[in-house]
Amino acid sequence: SPFWILTIPSEEMARGLMKRTVCAKSVFELWGHGRSAGELYASLRNYPMAKMLPYLQSDSTYKVHIHTFNKTLTQAQKIQKIDALEFLPFKGKVNLKKPQHVFWLLEDYGMDPNNVPEDPFHLYFGRWIADGQRELIESYSVKKRHFIGNTSMDACLSFIMANHGRVKPNDVVYDPFVGTGGLLISSAHFGAYVCGTDIDYNTIHGLGKASRKNQKWRGPDENIRANLRQYGLEKYYLDALVSDSSRPIWRKGMLFDVIITDPPYGIREATRRTGSQKETLKTAERSTENHIFVSSNYHLSDIFFDLLKFAAEYLVMGGRLVYWLPVYRPEYTEEMVPRHPCLKLISNCEQMLSSHTSRRLITMEKVKEFKDQDPNCHWLDGQYTPYRGHNSFREKYFSGVTKRIAKEEKDNQK
């Protein structure tokens, strides 16, 4: 059902919730509900009159709005339903344009558009309190964005990740796989200062081939800063650096309030890192600015190991790490989620990609001070266990996930 009945301590808290959420459309103070019109009316008659009267005074204006899910009503039917509520002690005047109080009658006709019942399964009546931030999905749409890449994060998911990270004004938010900076935009919208790194020199500097249809090369002003400027958020932009996330570049000490990222996987995002000097000399390529590109593969299991270790070391206490973990659903188990002794798992949400593959939004919070341990070990089930290496079952698992996702992407392109 698209309707949820929640218990929220106060109206102020409900308004605060709706100022952040992009998933919820509206929140109402529930006055009555039932599985039929009769049950609804009986429920309304039992609602305390003392709670109703402040919004029904003779010097106030009001409006009743009818909303039906999975069914369209005629205007005559809507008026009939409004007239049936005449037993409620409305004393104010009707104002359809700018009412002081808005009341909603919500009717749920199920989820099957091919089998719509004559009468609703559930009916709800209540006072409107606030709307969510659904309009942000459209106003920050990737389709309208100045600078995009092959895998720029959907605006809705970006805001969900910022909310999971509890991003607030004056936080410092970091993305170690920043790409075109889609995740920075949602954090900056909530007043956080943002920065990131990426190993792709061309992406950071807005060079090379464009990802937008009917455009061959990126323009001179296509970069992360331009994206933030497009939304009036440039003042929150710290910088974006060309850097390998597997190599330490930051001074010791806690730096970031939130780390939000989407590690690369599949065929549209190469998983690469800087290699040894021998590897670099063997496969180095130079740009017009004598920039040396990367040279070695970066296993997906190592990406997550390094990410958690980095978060444990560089997050402030209570800071959050939010990232996507690709999985092959038939083989997935909870123990596949990487763990670290300094990070507590807060939530694990699934987004379906296909019948066999999905990705899980992992949210972790720093709860212990970081102490450097053996770099070749990982925390699991209360003890450090071998994590890296080609014999690691996790590396084999994530290697298989990458290959399956890449195959499905190729099939979809065909």
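The values are calculated or read from the model by the stated rules, or taken from the named source; none is laboratory data. Keep in mind that this is a model prediction, so the values were computed, not measured. Glycine also receives a Cβ, built like all others from the backbone with ideal geometry; neighbour counts cover every protein chain displayed. All accessible areas refer to the heavy atoms of the entire protein, side chains included, with ligands and DNA or RNA removed. Shrake-Rupley method; radii C 1.70, N 1.55, O 1.52, S 1.80 Å.
Going through (1) exposed (fewer than 12 other Cβ atoms within 10 Å of the Cβ); (2) more than 20 Å from D131 (Cβ to Cβ); (3) under 38 Å from the mean Cα position of the chain (by Cα) one by one, S10 falls short only on (2). In segment 14-116, counting only helices (runs of 4 or more DSSP H) that sit wholly within it, the ones holding 2 or more residues that are open to solvent by 50 Å² or more (accessible area, probe 1.4 Å) and among the hydrophobic types (A, V, I, L, M, F, W, C) span 49-52, 75-83. For segment 345-360, the criterion of being open to solvent by less than 50 Å² (accessible area, probe 1.4 Å) and in contact with a Gly (Cβ under 6 Å, 6 or more places away or on another chain) is satisfied by no residue at all.
Which one is surrounded by the fewest Cβ atoms within 10 Å (Cβ to Cβ) among residues in segment 166-184 that are out of contact with any Leu (no Cβ under 8 Å at 6 or more places or on another chain) and closer than 29 Å to R212 by Cβ?
Step one: of segment 166-184, the residues out of contact with any Leu (no Cβ under 8 Å at 6 or more places or on another chain) are 166-171, 177, 179-180, 182-183.
Filter again for closer than 29 Å to R212 by Cβ, leaving 167, 177, 179-180, 182-183.
Values: V167: 25, F177: 21, G179: 25, T180: 28, G182: 26, L183: 29.
Among those residues, the one meeting the criterion is F177.
The set of residues from segment 244-263 being open to solvent by 10 Å² or more (accessible area, probe 1.4 Å), touching a residue at least 60 places away in the same chain (Cβ under 8 Å) and either acidic (D, E) or touching a strand residue (DSSP E or B) at 6+ places or on another chain (Cβ under 6 Å) (or both) comprises S246, M254, D257, D262.
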